[in-house]
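**Q** Quick one: this structure, given as structure tokens, is what I'll be asking you about.
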Amino acid sequence: MRHLRRTACALFVLLAVATPAAAAPEGQVTWGVHISLAPTWFDPAETQGLITPFMVMYAIHDALAKAMPGNPTAPSLAESWQVSPDGRVYDFTLRKGVKFHNGDPLTSDDVKFSFERYRGAATKTLKERVAAIETPGPLQIRFRLKNPWPDFMTFYTAASGAGWIVPKKYVEQVGDEGYKKAPIGAGPYKFVSFTPGIELVMEAFDGYWRKTPSVKRLVFKVISDETTRLAALKRGEVDIVYSIRGELAEEMQRTQGLTLKATVIQAPQWVSMLDQWDPKSPWHDRRVRLAANLAIDRNAINQAITLGHSKLTYSIIPSTFDFYWQPSAYAFDPAQAKKLLAEAGFPSGFDAGDYYLDVAYANVQEAIANYLQQVGIRTRLKPIERVAHWSSYGEKKYKNLAYTASGAFGNAATRLETFVVAGGQYVYGSYSDIDSLFKDQAAELDRKKREALLFKIQQLMHEKVMHIPVWELAFINGQGSRVQESGLGLIPGHAYSAPYEDVKLKAK
């Protein structure tokens, strides 16, 4: 393996200089979280193709490599990696001296175990392509691929939880369900307690390899009502709040001592027309799908809910991702929408049935449903808690319409794999021409040729009007006067505070 070439990854240079001992962690930072937390998000093995689990994972866990400030694939538990000239072998060298919260040392056995027990959104993609995992030494782990695959690192370390490492001995001791009740990781914070529907409490791990956290205790307090979250921030009961929108966001801007933090994140939101492959469904007709897109005033929704901060891209792929192609805009044209519906045989509109959504974005979907109603597309909103929504969605229990979104890291191919191509976790139907092109791009090592294939897929998606894209979400959060560094926006495109070891309170 002497002829392995190095991938472009930043290597840390350790300077032999005397530095003062880090101050002990102090104080507590409390978040007002907009959704109910679920134990499934405590275990990297169950990570869905969403950003939500990473709210917890950046605290309790660590990965071989992960997005960090200034580097989308920063070496973490792996200090370096190499890829063979034929693109079939990846060798990782683990960082020396890393320990899990229970004192167990991190070894290559833990990395292999974590990959083998992974069962999240990218399971099929990863396990079909990996031929073997070897452990040449305690700090060496080798992945052998069946064929060259340019997206291995993207799927393994960014778009999934497969590269986030758990302690083998402990998981085998307590079992999968026991692990979710008391997770142990290698991240900057240790699990203390979880009260369902109330809060998650974590404390600083002073043995974290990168640096000792500044804040002693992190508390994620569930406050599902937006008005109540803002009130708690005003009273100083919480220090940081997620998702404050519309008039409440304007009120937060006007309140002395509070800071509005608006970040456009890698989280397009769209409506999926799940029955478009059913010849008996109105959604099977492209004219109906186009009418739905023309019925919605995206600019008005943006101004009303996210104060104009969200980005209208008319795509389900984040504009910051590799291989993103920019489609043309859908005009707001309700008259043309009604004309298209009449041409499709629905001059009086039609009953579109149930419209399933994540309750955290009910206000966005209510606005969309109102616009659809005005052109004759009548729906019944079904708000559901996030974990239940995505569970039912992934189990293919829905029909008609469903709110869809993802803020997970990756590239255009990772999003297509999960939401567009046959076999994807949230795919209810697909088109053979797109599936064929996707298979071709996955094996294409020439970047320009691969880009052309991925561009063509996105062009076909737009021509077929497969989705009702809303926007690339501006996640509007707020922080109180006690906070020096909230962690919001430190990692480009990431929705939540991170890295947590960089969060700081102001000096007293």
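**Q** Evaluate the distance, in nm, between pseudo-label points positioned 7 Å from the Cα of Ser348 and of Gln173 along their respective Cα→Cβ axes.
**A** Reported label-point gap for Ser348 and Gln173 is 6.9 nm.
**Q** Quick one: length gained pulling Ala132 to Ala388 fully straight, 0.36 nm per residue minus the C-alpha distance?
**A** On the way: separation 256, 0.36 × 256 = 92.16 nm, distance 3.43 nm.
Result: 88.7 nm gained on full extension.
**Q** What lysines does Lys382 reach when the alpha-carbon gap must be under 18 Å and sequence neighbours fewer than 8 apart in one chain are set aside?
**A** Filter leaves Lys396, Lys397, Lys399.
**Q** Now a separate question. Please give the residues of segment 118-145, grouped as numeric ranges, whose backbone N is less than 18 Å from a label point set 7 Å along the Cα-to-Cβ vector of Asp86.
**A** Label zone hits: 129-134, 142-145.
**Q** Can you give me the Kirkwood hydrodynamic radius for segment 266-473, using every pair of distinct Cα atoms, in Å to one decimal?
**A** Mean inverse Cα-Cα distance, inverted, gives 17.3 Å.
**Q** Quick check on the chain: take the gyration tensor over C-alpha atoms, sort the square-rooted eigenvalues as a ≥ b ≥ c, and tell me if it's rounded (a/c under 1.5), prolate or oblate.
**A** oblate
**Q** Given R₀ = 56 Å, what would the calculated FRET efficiency be for Lys146 paired with Gln256, taking r from the Cβ atoms and rounding to 0.05?
**A** Calculated transfer efficiency: 0.40.
**Q** Next question, about the same structure. Between Asp206 and Lys449, what's the calculated FRET efficiency when r is the beta-carbon distance and R0 is 41 Å? Round to 0.05.
**A** 0.25
**Q** Percent of Cα-Cα pairs per 10 Å bin, from 0 to the last occupied bin, for segment 379-508, please list those.
**A** Binned Cα distances yield the sequence 10, 30, 29, 20, 9, 2, 0.
**Q** Follow-up. Take the Cα of Ser319, step 7 Å along the line toward its Cβ, and report every residue of segment 242-267 whose backbone nitrogen sits under 16 Å from that point.
**A** Within reach of a label on Ser319: 263-267.
**Q** Please give the calculated 222 nm ellipticity per residue for the chain, where each DSSP H segment of at least 4 residues contributes -39500 (n - 2.57) and the sum is spread over every residue; nearest 500 deg cm²/dmol?
**A** Details: 14 runs with 144 residues, N = 508.
Calculated mean residue ellipticity at 222 nm is -8500 deg cm²/dmol.
**Q** Please report the relative contact order for the chain, taking Cα pairs under 8 Å with a sequence separation of at least 6, and give it as a percent rounded to a whole number.
**A** 20
**Q** What order do you get for Leu290, Leu454 when you list them from fewest to most C-beta neighbours inside 10 Å?
**A** Leu290, Leu454
**Q** For a Förster distance of 41 Å, can you work out the FRET efficiency between the beta-carbons of Asn370 and Ser436, rounded to the nearest 0.05?
**A** The value I calculate is 0.60.
**Q** Let me have the relative contact order for segment 192-330, percent, based on Cα pairs under 8 Å that are six or more residues apart.
**A** 15
**Q** Then there is this: Please list, or write none, the lysines whose alpha carbon is within less than 22 Å of the alpha carbon of Lys234, excluding same-chain residues fewer than 8 places away.
**A** Those lysines meeting the cut-off are Lys221, Lys261, Lys504, Lys506, Lys508.
**Q** Let me ask another. Round to the nearest 10 and give me the degree value, 0 to 90, for the angle of helix 108-117's Cα axis relative to the longest principal axis of the chain.
**A** 20
**Q** Any idea what angle helix 362-374 forms with the longest principal axis of the chain, computed on alpha-carbon atoms, 0 to 90 degrees, nearest 10?
**A** Taking the Cα atoms of the chain, the angle to 362-374 is about 20 degrees.
**Q** How far is helix 432-442 tilted off the main Cα axis of the chain, in degrees rounded to 10, range 0 to 90?
**A** Orientation of helix 432-442: about 20 degrees from the principal axis.
**Q** Mind running the shape call on segment 75-150? Use the C-alpha gyration tensor, a ≥ b ≥ c as the square roots of the eigenvalues: rounded below 1.5 for a/c, prolate if a/b tops b/c, oblate otherwise.
**A** oblate
**Q** Hey, another quick one. Roughly how many nanometres apart are two label points built 7 Å out from the Cα toward the Cβ at Asp109 and Ala231?
**A** If labels sit at Asp109 and Ala231, their model points lie 5.4 nm apart.
FYI, it's all coordinate maths here, none of it is from the lab. All figures in this text were calculated on a predicted structure; none of them were measured in a lab. Note that each Cβ is placed from the backbone with ideal geometry, even for glycine, and that neighbours are counted across all protein chains shown.
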